[in-house]
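Reading through the structure tokens given below for one structure.
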Amino acid sequence: MRQVIIFDTTLRDGEQAPGASLSPHAKFLVARALADHGVNVTALKTQSRPGPETGTPMFTMRIEMTVPAELDRLVLRERLERVAADLRVDLVLTEPTAS
């Protein structure tokens, strides 16, 4: 299995501030998308902090995972992009660098 890292940085609007975070439903949608594709989450870290310019709360979720070798990465990417669009969040997928 290869590893993919999702780095999700979400700028929340004033309605959801202070203490920006993903709702339980949003977390379920992300977890369901990963589980449907047989992805194994190996580490998950969340953080809420003021945005750099405005101070608006920014929620960050970083997920490290192992992905089945036979899984088409494009299919997983498209599914996660649909979830991100539905939640109105930014999504960045990166492959780990070889060490």
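Every read-out reported here was derived from the displayed coordinates using simple, explicitly stated rules and does not represent laboratory data. These numbers come from a predicted model, not from an experiment.
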* Asked: Can you list the HN-Hα couplings for the range 50-55, worked out from phi with the Karplus curve (6.51, -1.76, 1.60; θ = phi - 60°), rounded to whole Hz and with x for Gly and Pro?
  -> x, x, x, 9, 9, x
* Asked: Between Thr56 and residues 5 or more places away or on another chain, which pairs have amide H atoms under 5 Å apart, with H built 1.01 Å from N, and which residues are they?
  -> Gly51
